[in-house]
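Questions regarding the structure given below will be posed in turn.
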Amino acid sequence: MVAVNSLMVPLGTEAPNFELPTPEGKVYKLEDFKDKKGLLIIFMCNHCPFVKHVIKEIVNIANEYMKKDIAIIGINSNDFEKYPDDSPQKMVEFIEYMGIPFPYLIDETQEVAKLYKATCTPDFFLYDSDFKLYYRGQLDSSRPGNNIPVTGEDLRNALDSLLAGNPPPENQKPSIGCNIKWKPDNEPDYFKVP
């Protein structure tokens with residue numbers, strides 16, 4: 001396990017387009033969410049201890065904020081041939097076991113992760129209704145083993161601020177998690193594990 005920080009893409013960056021399937025084969029595109037008040041994209045996976053540490057709170061946030069017209073999707077970009085715990089079948093099991101209420105999509109080519117400059121799991125990108133980046137950073141300060149409770153405080157504050165029509169929060173701290181498991185020779189230039 002290599003822990004890395006999110007890249008902190010500049011605020012205001014436009015969300016790149018995507019077209020990705022669920023494990024069941026339903027395809028989602030960016031434009032499917034154009035009438036929402038915001039779009040939260042979470043790069044995540046099944047086996048990462050950082051994701052496992054916060055997944056219950058991610059589900060809580062999803063159940064709460066999807067009712068407030070925030071769209072939420074998860075994207076799994078890991079190389080599931082090398083990491084079979086992140087395979088589409090294991091995604092189905094993870095969705096059912098955790099009660100994940102949002103689409104959980106497969107980025108098999110890893111091109112969407114590259115477009116978004118995702119680096120870790122979990123990596124959070126919150127966009128406004130115009131698909132402009134409003135928040136990218138941590139869920140909260142809890143990490144596996146640091147004994148800080150998982151509250152979702154930072155992400156919740158950003159979501160509330162977006163819904164209230166306020167400017168993006170000034171203090172945005174990077175997320176941290178396992179590095180995305182890139183396929184051989186597919187590691188992007190922006191991503192270098194020390």
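None of the figures in this text is laboratory data; all of them are computed from the coordinates on show. Keep in mind it's a predicted model, so treat the numbers as computed, not measured. A quick note on method: Cβ atoms are made from the backbone with ideal geometry, for glycine too, and the neighbour counts reach across all protein chains shown.
Give the separation of the Cα centroids, the range 140-194 to the range 19-96, in Å.
A separation of 15 Å, based on Cα centres.
Lys/Arg Cβ at +1, Asp/Glu Cβ at -1, dipole of the chain taken about the Cα centre: which of Leu39, Val27, Leu139 is farthest positive-ward?
Toward the positive end, the furthest listed residue is Leu139.
Would the range 42-86 count as rounded, prolate or oblate if I go by the C-alpha gyration tensor, calling it rounded below 1.5 in a/c and otherwise prolate when a/b exceeds b/c, oblate otherwise?
Working: a/c = 4.26, a/b = 1.99, b/c = 2.14.
Since a/c reaches 1.5 but b/c is at least a/b, the shape of the range 42-86 is classed as oblate.
Over 18 Å between C-alpha atoms is what I'm after, so list which of Lys29/Lys114; Lys37/Lys173; Lys29/Lys132; Lys52/Lys90 land there.
Lys37/Lys173
Let me ask something else about it. Would you work out the charge dipole size for the chain about its Cα centre, treating the Cβ of every Lys and Arg as +1 and the Cβ of every Asp and Glu as -1, and quote it to the nearest 20 debye?
Around 340 debye, computed over the chain.
Still on this structure, I have one more. Roughly how compact is the chain, stated as its Cα Rg over 2.2 N^0.38 Å to two decimals?
For the chain, the normalised Cα radius of gyration is 0.94.
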